[in-house]
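Everything on this sheet refers to the single structure shown next.
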Amino acid sequence: MYKWVIIGGGIQGCTVASYLLHSKKADTPSLKVIDPHEDPLHRWKTLTRRVGMKYLRSTSVHHLDPDPHSLRKFSKKEEYAQPFIGRYDRPRLDLFNDYHEGLFQRYEWNDFWMQATVTGLEKKTDGWEINTDGRSISAERVVLAIGVNNRPHLPEWADLSDKRMGHLFSSDEVKISGSLVIVGGGISAAHLANTYAMDGEKEVTLLKRHPFRIKDFDSDPGWLGPKYMNDFHKVTCYEKRREMIKAARHRGSITNGLSVKLKRHEREGRLKIITDQIEEAAYVKDHIHLSLKENDGIKAQTVLLATGADQCVPGMEWLEGVIHSCALRTAPCGFPVVDAHLEWGPGLYVAGALAELEIGPSARNIAGARRAAERIAAI
């Protein structure tokens with residue numbers, strides 16, 4: 001039996017593992033991280049590569065290592081050119097990824113990584129049994145660190161069976177050919193538009209429903225500390241907490257730096273930017289025709305959706321049975337109601353989206369991962 005099993009090997013799960021190892025609450029033989037992919041942070045690396053991200057939105061102190069200054073120390077040691085940019089010291093993506101490769105090697109990550117898909121979870125007298133598509137393992141404590149970026153949100157008119165259309169979050173990467181329309185107004189769409197406009201080889205259009213929402217972060221930094229979180233925790237009604245989270249999140253926002261780049265591309269003729277609503281799509285022989293509410297329709301040889309993830313509780317395809325069998329408490333929105341240590345049931349902890357009714361609006365990002373890991377490692 002393992003002391004700890006973490007379900008999910010993305011940013012959230014790897015941060016929790018890092019904190020448990022650093023604090024000596026776990027060691028290599030007593031820890032297991034289960035993820036469908038072969039390597040840690042696979043989904044993170046795949047999506048950031050697809051959009052062509054060069055620098056993160058988060059700051060230099062937000063990464064997976066408990067020492068907030070370790071990334072900056074690493075950058076000096078390795079002498080990266082312009083390792084950070086802007087007033088918030090946003091790190092280069094390759095620096096961020098290279099640093100964590102070293103971190104994983106230092107902790108002998110391969111020894112406790114398990115590539116498998118979890119299919120169920122059962123409470124036992126002395127812990128938990130985790131069922132996967134390969135085998136079952138037992139653990140004293142389990143951390144659910146499941147993401148939602150494998151569940152793409154599709155507009156009603158979208159049809160991914162047409163190979164000329166794809167979604168950023170789909171497992172299959174769409175082949176870009178001919179004129180390209182990118183649908184979405186958030187930071188992923190902005191990165192995609194910037195990447196393909198810089199390439200200069202295709203006619204690129206960014207089609208969004210709303211004007212650019214310029215925000216430094218996906219929620220105000222005050223949500224990382226007592227400025228806003230003290231009042232958040234005074235609220236005992238979870239419906240009101242959900243409303244506070246929705247109001248605090250800057251959904252569909254982009255940084256000022258990306259906005260400047262996109263407008264420059266538009267001025268120089270490399271990018272067309274349209275703010276309108278798509279009413280329907282016609283899939284004809286040599287193109288996809290998008291009918292718009294206010295403007296003339298547009299034609300595209302390829303349509304790439306950057307419309308985010310479905311608004312759902314992660315892992316419900318197998319978590320629903322666990323909730324009922326173990327009488328786990330949920331809020332009206334379906335998300336877990338947990339204690340201050342993020343414990344949902346005896347020895348069952350949550351991080352990431354599943355922890356947001358306790359961690360708040362930052363729960364899904366890197367800063368939220370650190371806050372969740374701190375709480376779990378402190379038990």
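The values are calculated or read from the model by the stated rules, or taken from the named source; none is laboratory data. Everything quoted here is computed from the prediction, not taken from an experiment. Cβ coordinates were reconstructed from backbone atoms using ideal geometry, including for glycine residues, and neighbour counts include every protein chain displayed. With ligands, DNA and RNA removed, areas are computed over all heavy atoms of the protein, side chains included. Shrake-Rupley method; radii C 1.70, N 1.55, O 1.52, S 1.80 Å.
With respect to (1) at positive phi; (2) surrounded by fewer than 18 Cβ atoms within 10 Å (Cβ to Cβ); (3) touching a residue at least 40 places away in the same chain (Cβ under 8 Å), the lone exception for Gly252 is condition (2).
The number of residues in the range 224-249 being in contact with a Pro (Cβ under 9 Å, 6 or more places away or on another chain), part of a helix (DSSP H, G or I) and touching a residue at least 60 places away in the same chain (Cβ under 8 Å) comes to 8. One residue stands out among those in the range 255-274 that are outside any helix (DSSP H, G or I), more than 11 Å from Leu206 (Cβ to Cβ) and out of contact with any helix residue (DSSP H, G or I) (no Cβ under 8 Å at 6 or more places or on another chain): the one that is least open to solvent (accessible area, probe 1.4 Å), which is Gly269. Answer with yes or no whether Asn149 is of a type outside the set (A, V, I, L, M, F, W, C), modelled with pLDDT under 95, open to solvent by 30 Å² or more (accessible area, probe 1.4 Å) and in a helix (DSSP H, G or I). No, not satisfied. Of the residues making up the range 25-81, just one is farther than 20 Å from Thr255 by Cβ, surrounded by 18 or more Cβ atoms within 10 Å (Cβ to Cβ) and of a type in the set (Phe, Trp, Tyr), namely Phe74.
Among residues of the range 316-345 that are touching a residue at least 60 places away in the same chain (Cβ under 8 Å) and more than 13 Å from Glu356 (Cα to Cα), those with a beta-carbon under 7 Å from a residue that is surrounded by 16 or more Cβ atoms within 10 Å (Cβ to Cβ) and aromatic (Phe, Trp, Tyr) at least six positions away or on a different chain give the pairs Pro332/Tyr238.
Taken over the range 152-172, the criterion of being surrounded by 13 or more Cβ atoms within 10 Å (Cβ to Cβ), under 30 Å from Ala372 (Cβ atoms) and either in contact with a helix residue (DSSP H, G or I) (Cβ under 7 Å, 6 or more places away or on another chain) or free of Cβ contacts under 8 Å to residues at least 60 places away in the same chain (or both) is satisfied by Leu168, Ser170.
Residue by residue through the range 214-249, note down the ones that are small (Gly, Ala, Ser), surrounded by fewer than 19 Cβ atoms within 10 Å (Cβ to Cβ) and closer than 24 Å to Ala331 by Cα. Gly225, Ala247, Ala248, listed by residue number.
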